[in-house]
1. Using +1 at the Cβ of each Lys and Arg and -1 at the Cβ of each Asp and Glu in the chain, identify which of F322, V103, G35 lies farthest towards the dipole's positive end.
2. K334 versus K227, label points 7 Å from Cα toward the beta carbon: distance in nm?
3. So if I place +1 on the C-beta of Lys and Arg and -1 on the C-beta of Asp and Glu, and nothing else carries charge, what would the dipole magnitude of the chain be about its Cα centre? I want it in debye, nearest 20.
4. Quick one: grab the alpha carbon gyration tensor of region 122-273, order the square roots of its eigenvalues as a ≥ b ≥ c, and give me rounded if a/c is under 1.5, else prolate or oblate depending on whether a/b is larger than b/c.
5. Taking the mean number of other Cβ atoms within 10 Å as a proxy for protection, how do you rank 63-71, 156-164, 207-215 from highest to lowest?
6. How many percent of all Cα-Cα pairs in the chain sit more than 26 Å apart?
7. What is the distance, in nm, between label points placed 7 Å from the Cα along the Cα-to-Cβ direction at T259 and at H150?
8. How many angstrom lie between the Cα centre of region 148-174 and the Cα centre of region 346-375?
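Every read-out reported here was derived from the displayed coordinates using simple, explicitly stated rules and does not represent laboratory data. Since the model is a prediction, treat every value here as computed from it, not as a measurement. Cβ sites come from the backbone with ideal geometry, for glycine too, and all protein chains shown count toward neighbours.
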Amino acid sequence: MKNKNYVGFNIPYFSGNETNYIAEAVSSMKISGDGVFTKKCHAFFEEKYKFKKVLLTTSCTDALEMAAILLDIKDGDEVIAPAYTFVSTVNAFVLRGAKIVFVDSNADNPNMDIGQLEKLITPKTKVIVPVHYAGIACDMDKIMALAAKHNLFVVEDAAQAIDSFYNGKPLGSIGHLAAFSFHETKNIIAGEGGMLVINDDCFIERAEIIREKGTNRSQFFRGEVDKYGWVDIGSSFLPSDMIAAFLYAQLENIDRIQTRRKEIWNQYYQALKPLEEKGIQLPFIPIEGTNNGHMFYLVCRNIDERTALIAHLREQGIHAVFHYLSLNKSTYYKANLNNTVSLIQSDRYTDGLVRLPMYFELSNEQVALIANLILQFFNK
Ligand SMILES: *Cc1c(COP(=O)(O)O)cnc(C)c1O
């Protein structure tokens with residue numbers, strides 16, 4: 001039985017026009033990819049965030065896979081990524097034969113520790129994949145400078161980073177390529193969905209081809225070539241226009257959604273700030289970065305404390321959850337890619353990090369209740 005005060009971890013928010021726009025797409029009789037709503041979504045992102053070129057994909061995972069194909073990743077290439085991340089960040093490159101070199105997280109937030117990056121670069125390194133954890137920016141100036149110095153590409157895993165900024169620049173606009181997610185657990189959703197952002201002109205033409213099964217179909221529909229055919233490797237990475245219709249309804253409400261999520265985040269932060277004195281870590285946003293209200297987390301001092309906190313909230317009907325298992329500890333990595341690395345901070349977040357309920361319709365009263373239960377737990 002669910003407690004009557006049950007507060008879920010994530011409840012998808014429907015902003016109003018999702019099903020209307022899907023009905024519109026259906027009645028237009030054009031529901032495959034790159035229809036009217038896909039074009040509206042592309043225009044939205046290119047105007048609002050000044051991304052050079054965007055392409056909707058069926059997921060962020062697919063956008064990352066496109067990035068790996070675009071960068072010609074092949075057997076033996078090395079890709080540097082944090083271990084404290086979702087599996088897709090690295091799987092996309094492993095699929096093309098890359099060796100993943102893990103970098104530890106910062107002590108003050110789970111983003112990659114830039115200070116450790118350079119010593120991991122070898123003549124085989126091709127790509128750095130910064131993950132903007134919780135939508136908080138990695139130190140992109142330093143990453144881009146290192147990439148330029150060593151002739152590397154940068155692919156931003158911006159899955160959680162919509163509408164967040166670094167020195168005034170939108171996340172996803174800084175690396176050569178970037179990938180976003182519209183999975184139902186993100187701020188802006190389409191059920192399953194994603195987007196590849198291309199910030200370097202040299203990748204645009206080929207990205208369109210890879211996304212359309214290795215054909216130059218996009219050029220054909222624009223009248224640039226008189227027939228289309230197989231010109232490269234590729235796959236089917238474009239979503240149905242029904243997905244784009246759903247997404248467009250969300251995008252029309254992005255400012256309202258973001259404002260409310262940030263209010264919730266700030267309420268948690270103010271209420272829980274006193275815990276820092278007890279050694280409980282709260283999110284840290286560097287001066288160059290912004291908060292996009294994607295996630296509110298705490299870092300407990302050890303796994304037992306975290307297990308007890310999650311159980312304490314559970315008893316009151318509140319669903320808080322832990323997050324990643326550091327990927328260097330995963331079954332796949334240990335069996336196939338083993339080179340023992342010690343990642344102290346990544347292990348600490350694996351054991352200690354807990355995410356609190358965060359969704360648009362969470363009320364101020366619910367946030368206050370959750371925060372009080374947490375304070376009570378640490379004060380007893
Ligand atoms: C959600 C997420 C992904 C995967 O997104 P999908 O759209 O589900 O493929 C990748 N990386 C990170 C950091 C994520 O949070």
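1. Highest projection toward the positive end goes to F322.
2. Those two pseudo-labels are separated by 5.6 nm.
3. Roughly 440 debye, rounded to the nearest 20.
4. oblate
5. Numbers: 63-71: 25.4, 156-164: 27.3, 207-215: 21.3.
By packing density, highest mean first, the sequence is 156-164, 63-71, 207-215.
6. Here the tail beyond 26 Å accounts for 53 percent of pairs.
7. My value for the distance between the label points is 4.4 nm.
8. 27
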